[in-house]
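Below is one structure, written out as structure tokens; the observations come after it.
The values are calculated or read from the model by the stated rules, or taken from the named source; none is laboratory data. Everything numeric here is computed off the predicted structure, so don't read it as measured data. No Cβ is skipped: glycine too gets one built from the backbone with ideal geometry, and neighbour counts run over all protein chains shown.
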């Protein structure tokens with residue numbers, strides 16, 4: 001997976017991985033499952049076999065820093081995240097983006113990623129929506145109340161009061177309401193919507209394609 005430049009380059013380390021509070025093998029398995037990847041899919045993307053991936057996930061093989069770099073690049077994380085860093089936040093996944101940018105809620109689901117946001121949330125993109133492709137993971141920073149006014153003109157996840165959650169561009173409307181503009185041609189424009197909260201997109205994580 002590809003992320004911002006701060007995750008780019010090679011990790012300055014050599015030798016064998018020393019797991020932290022949680023087994024590195026469990027972390028490898030965790031990141032694969034949270035991204036919905038099979039052993040075969042991971043193996044294809046990092047240039048090995050499904051059997052090798054399975055052995056790396058089950059403590060049969062030692063995880064070298066070369067393996068850490070490959071997995072970290074694929075999963076869009078820093079290699080240190082695979083060692084069980086206690087600073088890794090669990091981000092609430094509020095839904096999956098489907099047709100017309102409408103979210104299907106996913107109660108209780110979380111996604112782990114290091115991100116500079118006070119109240120991060122995440123969504124999985126199941127169907128293409130504007131510039132975003134199926135398989136993308138979008139991280140957003142959630143705001144409420146008067147703070148939503150700061151999001152005018154931004155692409156956001158918006159929770160309509162008494163209605164659905166949507167992936168839309170926010171345009172300020174009348175009396176504290178917003179017009180929600182679709183990110184793709186042919187989508188429905190929703191005028192004068194009252195929002196419970198909205199979250200500006202701050203990070204897009206893309207799978208290797």
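Here are a few things to note about the model shown:
- Residues being touching a strand residue (DSSP E or B) at 6+ places or on another chain (Cβ under 6 Å), surrounded by fewer than 15 Cβ atoms within 10 Å (Cβ to Cβ) and farther than 22 Å from residue 194 by Cα - total across segment 103-121: 1
- Number of the exception - residue 172 against (1) in contact with a helix residue (DSSP H, G or I) (Cβ under 8 Å, 6 or more places away or on another chain); (2) buried (at least 16 other Cβ atoms within 10 Å of the Cβ); (3) more than 22 Å from residue 133 (Cβ to Cβ): (2)
- Any chance residue 163 is over 22 Å from residue 32 (Cα atoms) and either surrounded by 14 or more Cβ atoms within 10 Å (Cβ to Cβ) or in the same structural domain as residue 34 (by TED's automatic domain parsing) (or both): yes
- Segment 122-150: number of residues that are outside any strand (DSSP E or B) and surrounded by fewer than 21 Cβ atoms within 10 Å (Cβ to Cβ): 15
- If you filter segment 91-104 down to residues that are in contact (Cβ under 8 Å) with a residue 60 or more places away in the chain and more than 15 Å from the chain's Cα centre (by Cα), you find that the one that is farthest from residue 165 (Cα to Cα) is 100.
- If you check 15, 84, 47, 20 for being modelled with pLDDT of 70 or more, more than 16 Å from residue 137 (Cβ to Cβ) and touching a helix residue (DSSP H, G or I) at 6+ places or on another chain (Cβ under 9 Å), only one passes: 47.
- When the residues of segment 182-191 are filtered to those that are modelled with pLDDT of 95 or more and exposed (fewer than 15 other Cβ atoms within 10 Å of the Cβ), the one that is farthest from residue 74 (Cα to Cα) is 191.
- Failed item in (1) surrounded by 20 or more Cβ atoms within 10 Å (Cβ to Cβ); (2) in a helix (DSSP H, G or I); (3) modelled with pLDDT under 80, with residue 73 passing the rest: (3)
- Pick from segment 195-208, criterion over 10 Å from residue 156 (Cβ atoms) and under 16 Å from the mean Cα position of the chain (by Cα), ranking: surrounded by the fewest Cβ atoms within 10 Å (Cβ to Cβ): 208
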